[in-house]
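The next block holds one structure in the form of structure tokens; read it before the comments.
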Amino acid sequence: MAKDTDLSLQTQVIYSIYIRSHTEEGTFRSVIPDLDRIRALGTDIIWFLPIHPIGVEGKKGSLGCPYANRDYRSVNPCYGTMEDFRALVDEIHRRGMKVMIDVVYNHTSPDAVLFQQHPEFYYRDAEGRTGNKFGDWSDVIDLDYNVKELWDYQIESLRFWAGIVDGFRCDVASLVPLDFWRAARAAVREVDPDHIWLAESVHRSFAALARRLGFRCARDTEAYEAFDLEYDYDVREVFDKLLRRQAPLSQWIDLLEFQEAVYPENYNKMRCLENHDQPRIASVIRDEEELINYTALLYFLKGTVLLYAGQEFEDPHQPSLFEREPIHRHTGKDLSPLLSKLAAIRKACFTGEDSFWGQGEDEKRIAVLRRGNCAGVFCLDAAPGAVSLEERLELPDGCYEDLLGGEPVRVENGVLFASGKPAIFRLT
């Protein structure tokens, strides 16, 4: 684990915004009026999907993908000016939140400023052609980190942005050499000692494919040497099967305990139900009571919580990365009060040093979890049921007050009686 990682990240909430789709205007300044509402959700950090100019050559859709970066050192003029972005950052800071931007360092658009200036910085195949290692990324060309001069350019860019924002979310970080990330972290520390580093580590199947093809792909255990937190994609494929009822709850909980065993003691995973690359959770879990249970479960897990803008409104539509599709705010649904309460519970009850373990009752799909001195009960089918507790959960008989405001949780003769609603409670 990065030696200077801030353990308080374990209790924090990140709110992810795609500028193009966050408002009707799709600009930096149009986000400012929404900041108080976002802060009230319990948000600590706002992460902006890439804010840089987008490539035209080979673009996808009518507007192109923000991950096809055309210039690392400027902002997308469709969103506004650098002055506009700085004004937005200032307003976020004024409300006590931090700012994280996307860093896309594995590749650029084919017409990137960097390619025009330094074509020698780019990966070439056996025939000497530019391209990318994975065929479906047709709008980008990969960089070549065997060229050490590329490191200097990229680190200089990071140092510039570190003077403005508080953290980086590093796109497909596993494909960029870990030695580069270590060097970058050390260089950025001179500008901002408290800078936050989030790695988009990859799904297990993706990592295995990359290695079969002969390409470098850092393991999650290795990535922690340079990053403060990383995606939980190492267990995401099983979670997705759980959502589709193709995997038992106990299998996923076993994997969460496996994370506890194999990662550094102060490891941090970013936990989410959805993000810009995953389906909207409201399109998968259509029953609201079930969705409430999943949401409460998310906030109980060990790690930093991610909300994708629109999730609070149970928006089932995932905005296209290639078009302008403003999020749906008038769905008639709003989880904001629940999210605010869950964020407050996290900060009041948990620390970065909590241990985590749990039990999954597969037939009734009820999760009983422990985190430090707190327990949580989450009924994924939103149905009541009784769970015979394993001794290792160390849940004594008694009646416990639900911090979410629901019915007390009763444990009698080693059996926990769940109401069908989520519950979080202290043991003492």
Legend entry - Accessible-area composition of the stretch 46-182, carbon plus sulfur, in percent [1.4 Å probe]: 49 percent
Legend entry - Part-to-part distance (alpha-carbon centres) for the stretch 407-428 and the stretch 135-204, which is given in Å: 45 Å
Legend entry - Net charge over other residues, Cβ less than 14 angstrom from the Cβ of Ala343 (K, R count +1; D, E count -1): +4
Inset, instruction - Taking each pair of different alpha-carbon atoms in the chain once, compute 1/r for the pair, average those values, and report the inverse of that mean as the Kirkwood hydrodynamic radius in Å to one decimal. - result: 22.5 Å
Inset, instruction - Could you work out the relative contact order of the stretch 1-141, using alpha carbon pairs under 8 angstrom and six or more residues apart, expressed as a whole percent? - result: 25 percent
Legend entry - the stretch 123-176 - Rg over Rh from alpha carbon coordinates, Kirkwood radius: 1.04
Inset, instruction - Please state the charge dipole magnitude for the chain, taken about the Cα centre, from unit charges on C-beta atoms (+1 on K and R, -1 on D and E), reported in debye and rounded to the nearest 20. - result: 220 debye
Inset, instruction - Using only the alpha-carbon atoms of the stretch 22-172, report the extent along each of the three principal axes, biggest first, to the nearest angstrom. - result: 54, 33, 25
Legend entry - Where trypsin sites (Lys or Arg not before Pro) in DSSP loops with at most 11 other Cβ within 10 Å are excluded, longest remaining stretch of the chain: 287-428
Inset, instruction - Mind checking the per residue accessible area of the stretch 220-330 for me, 1.4 Å probe, whole number of Å²? - result: 34 Å²
Legend entry - Quarter of Cα convex hull surface for the stretch 62-109, i.e. mean projection, nm²: 4.0 nm²
Legend entry - Space enclosed by the convex hull of the alpha-carbon atoms of the stretch 213-293, per residue, Å³: 138 Å³
Inset, instruction - Apply the Karplus parameterisation 6.51 cos²θ - 1.76 cosθ + 1.60, with θ equal to phi minus 60°, to every residue of the stretch 272-287 and state each ³J(HN,Hα) to the nearest whole Hz, in sequence, with x for glycine and proline. - result: 8, 8, 8, 7, 5, 9, 10, x, 4, 5, 6, 8, 9, 9, 8, 7
Legend entry - Convex hull volume per residue for the stretch 132-281, taking Cα atoms only, in Å³: 137 Å³
Inset, instruction - Kindly report the accessible area of the stretch 1-138 per residue (heavy atoms of protein chains, probe 1.4 Å, no ligands, DNA or RNA), in Å². - result: 40 Å²
Inset, instruction - Name the lysines eligible as straight-distance cross-link partners of Lys364: C-alpha to C-alpha under 29 Å, and not fewer than 8 places from it in the same chain. - result: Lys241, Lys269, Lys302, Lys333, Lys341, Lys421
Inset, instruction - State the three equivalent ellipsoid semi-axes of the stretch 230-351, derived from the C-alpha gyration tensor as the square roots of 5 times its eigenvalues, in descending order and whole Å. - result: 25, 17, 14
Legend entry - Candidate aspartates and glutamates for bridging to Lys59, where Cα separation is under 12 Å - those fewer than 8 sequence places away on the same chain excluded: Asp111, Asp139, Glu323
Inset, instruction - Report, ordered by chain and residue number, the lysines lying within cross-link reach of Lys60, taken as a straight Cα distance under 27 Å and ignoring same-chain residues fewer than 8 apart. - result: Lys133
Inset, instruction - Using only Cα atoms, find the angle between the long axis of helix 178-189 and the longest principal axis of the chain, and express it within 0 to 90 degrees, rounded to the nearest 10. - result: 90 degrees
Inset, instruction - Provide the gained length on full extension for the span His118 to Met82, in nm with one decimal, where the gain is 0.36 nm per separating residue minus the Cα-Cα distance. - result: 10.5 nm
Legend entry - Translational diffusion of the stretch 71-151, µm² s⁻¹ [Kirkwood Rh, Cα pairs; Stokes-Einstein; 4 °C; 1.567 mPa s]: 87 µm²/s
Legend entry - Centre separation in Å (Cα based) which lies between the stretch 246-269 and the stretch 327-382: 16 Å
Legend entry - Point-to-point label distance, Ala126-Glu257, nm (Cα→Cβ direction, 7 Å offset): 4.7 nm
Inset, instruction - Report, largest value first, the span of the C-alpha coordinates of the stretch 338-397 along each principal axis, in whole Å. - result: 32, 27, 19
Inset, instruction - Two decimals is fine: what is log10 I(q)/I(0) at q = 0.16, 0.17, 0.21, 0.23 Å⁻¹ for the stretch 360-428, from a Debye sum with one equal scatterer on every Cα and no solvent? - result: -0.44, -0.50, -0.80, -0.98
Inset, instruction - Please compute the net charge surrounding Val56, taking Lys and Arg as +1 and Asp and Glu as -1 over other residues with Cβ under 9 Å from its Cβ. - result: 0
Legend entry - Three principal axis lengths of the stretch 283-428 [C-alpha, angstrom, descending]: 56, 32, 24
Legend entry - Environment charge of Ser109, counting only residues whose C-beta is closer than 14 Å and scoring Lys/Arg +1, Asp/Glu -1: -3
Legend entry - Residue (of Cys379, Ala418, Ala343) at the positive-pole extreme of the stretch 299-428, dipole from beta-carbon charges: Ala343
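The values are calculated or read from the model by the stated rules, or taken from the named source; none is laboratory data. Because the structure is predicted, anything quoted here is derived from the model rather than measured. Here the Cβ is made from the backbone with ideal geometry for all residues, glycine too, and neighbour counts use every protein chain on show. What goes into the accessible areas is simple: the full protein's heavy atoms, side chains included, and nothing from ligands, DNA or RNA. Shrake-Rupley method; radii C 1.70, N 1.55, O 1.52, S 1.80 Å.
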